[in-house]
Amino acid sequence: MKHWKNGTRMAILYAALSVFVGCSSQQTSDASDGKGSRKVQEAATIPVSVRKKEEPLKYNGQIRKVVYLTFDDGPGPETDQVLDILKLNNIHATFFVMGPHAKQYKEFLQREVQEGNYVGMHSMTHDYKKLYIQGDFVSEMKETQQIIKQITNIEPHLLRPPYGSMPGLTQKLRDQVADAHFKVWDWTIDSLDWKYNKVPFSSSVPAIVNNVLSQANRNLEVVLLHDIHPQSIQALPIIIQKLKEKGYEFETYNEQEHFMLNFWHDNRL
Ligand SMILES: [Zn+2]
């Protein structure tokens with residue numbers, strides 16, 4: 001994270017410097033008034049036509065804006081539509097699945113993996129009391145992990161806590177999570193897509209799109225969505241298109257390149 005921020009700062013500085021240098025040479029060649037005057041021209045007075053034309057979204061690849069789309073609570077009957085949309089856009093995502101749903105929609109789980117997406121755990125029950133008060137968190141994640149392994153032959157280690165890690169995932173539970181060698185991802189952008197059940201697409205879709213896009217301002221974003229709500233699926237192609245327009249590249253979680261993203265800032269997870 002820190003490395004990226006530094007890289008970004010350097011790239012912006014370099015881009016800004018290029019603009020300045022470009023303008024100075026323009027000024028020098030234009031201002032051949034014989035008096036040797038080389039005043040620095042203020043940017044606001046430079047005609048737009050001679051300003052640097054390229055937006056510094058990507059400068060020699062030094063700025064990368066990366067977004068991870070993540071889908072919780074599935075697979076569900078409409079997960080294949082999400083997979084179709086991802087495929088159409090030639091991008092991949094990260095799915096945090098419920099154990100019972102994985103069993104019910106085996107073929108969608110297999111498709112998620114076959115098509116290059118990452119599949120992680122999202123518990124068996126999604127029950128706050130069972131997971132966090134009774135303390136079944138790790139045992140439910142282990143059970144979900146084994147279901148995923150049986151169906152896909154892959155044993156994942158990343159999980160997303162239902163309702164997020166804060167406040168439920170206490171120190172005691174985090175100790176258990178670390179001991180089990182699990183990793184935990186929360187998110188940076190909550191689409192709040194689940195809130196718009198029973199709302200017509202004409203208002204739910206723009207709201208979800210806006211929830212995501214208005215918050216997509218950093219060079220690394222992890223977006224929380226759900227692949228079990230029709231309004232999320234309707235909003236998805238627009239979200240992808242608009243994130244692309246903002247210069248984002250889409251990545252899927254990779255265990256070899258894990259970075260910490262939990263609300264507790266617990267660097268074991
Ligand atoms: Zn959930």
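Every read-out reported here was derived from the displayed coordinates using simple, explicitly stated rules and does not represent laboratory data. All figures in this text were calculated on a predicted structure; none of them were measured in a lab. Note: ideal-geometry Cβ built from the backbone for every residue, glycine included; neighbour counts use all protein chains shown.
Of everything in region 77-123 that is of a type in the set (Gly, Ala, Ser) and buried (at least 20 other Cβ atoms within 10 Å of the Cβ), the residue that is nearest to the ligand (Cβ to nearest atom) is Ser123.
Residue check: is Asn197 exposed (fewer than 14 other Cβ atoms within 10 Å of the Cβ) and within 16 Å of the ligand (Cβ to nearest atom)? Taking the combined requirement at face value, the residue satisfies it. Considering Ile147, Ile154, Ile208, the condition of being in contact (Cβ under 8 Å) with a residue 24 or more places away in the chain and not in a helix (DSSP H, G or I) is satisfied by Ile154 alone. For region 203-253, taking the residues that are closer than 20 Å to Glu112 by Cα, among the acidic types (Asp, Glu) and surrounded by fewer than 20 Cβ atoms within 10 Å (Cβ to Cβ), the one that is nearest to the ligand (Cβ to nearest atom) is identified as Glu251. Picking from residues in region 254-269 that are of a type in the set (Asp, Glu) and in contact (Cβ under 8 Å) with a residue 24 or more places away in the chain, the one that is surrounded by the most Cβ atoms within 10 Å (Cβ to Cβ) is Asp266.
For the residues Met124, Met98, the requirement of being within 16 Å of Thr70 (Cβ to Cβ) and over 17 Å from the mean Cα position of the chain (by Cα) singles out Met98.
Looking across region 211-252 at every residue that is of a type in the set (A, V, I, L, M) and outside any helix (DSSP H, G or I), the one that is farthest from Arg160 (Cα to Cα) is identified as Ala216. When Leu131, Leu159, Leu169 are checked against the criterion of being within 16 Å of the ligand (Cβ to nearest atom) and closer than 18 Å to Ala93 by Cα, Leu159 stands alone in meeting it.
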